[in-house]
Amino acid sequence: ANLAISTGDIVRATHALDAAKRLIGRQPNARLVQAFILATGQVRELQGDAKGAEDAYHDAIAMEPMDPEARMNLALLLARQRRIPEARQAFAIAVTLFAPDQRNDRRMEFEETLNAANSGSRK
């Protein structure tokens, strides 16, 4: 699902999530469930369902508060929606959860997303 999401292939991502859902149903694992919820948020975002994506990211964060990816996805979504104060607040938490050597790259990604949103385009 993650590979399909990274290439923007909604159909493949949806099929992969359906397969994952069946697997998780047979062998529940908190980390897998959290990853499934996070991927579901990404698919919803690709589908243009910002509210559904935001809800999924919040659910993923609730399951694993120390997951930087869930928090980063939320920050980027909020930035793309031009909800700047909320985006900055979400990012401020996310960036501290990444390894120190990843923080600058993630900061640049966030700032590029903010700039793109402010210029009216979507990253």
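The values are calculated or read from the model by the stated rules, or taken from the named source; none is laboratory data. Quantities reported herein were computed from a predicted structural model and do not represent experimental measurements. Quick reminder, even Gly has a Cβ in these numbers, built from the backbone with ideal geometry, and neighbours come from all protein chains shown. For accessibility, only protein heavy atoms count, side chains too; no ligands or nucleic acids. Shrake-Rupley method; radii C 1.70, N 1.55, O 1.52, S 1.80 Å.
In table form, for the structure just shown:
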item	result
Residues of segment 12-73: accessible area per residue with a 1.4 Å probe, Å²	56
nm² value of the averaged projected area, convex hull over the Cα atoms of the chain	7.3
Spin-label pair residue 96/residue 111, simplified geometry with 7 Å Cα→Cβ offset, distance in nm	2.1
J(HN,Hα) series, segment 3-17, from Karplus relation 6.51 cos²θ - 1.76 cosθ + 1.60, nearest Hz, glycine and proline x	5, 4, 4, 5, 9, x, 8, 5, 4, 5, 4, 5, 4, 5, 5
Magnitude of the charge dipole, segment 60-123, Cβ model with Lys/Arg +1 and Asp/Glu -1, debye to 20	340
Folded to 0 to 90 degrees: helix 50-63 orientation relative to the chain principal axis, Cα	70
Interatomic Cα distance distribution for segment 40-79, bins of 10 angstrom, percent	37, 56, 6
Check: the chain dipole with +1 on Lys, Arg Cβ and -1 on Asp, Glu Cβ, in debye	140
Segment 48-117: C-alpha gyration tensor shape, a/c 1.5 cut-off, then a/b vs b/c	oblate
Crossing angle, helix 100-118 versus the chain [Cα axis fit, 0-90 degrees, rounded to tens]	70
Solvent-accessible surface ranking, highest first, for 32, 38 at 1.4 angstrom	32, 38
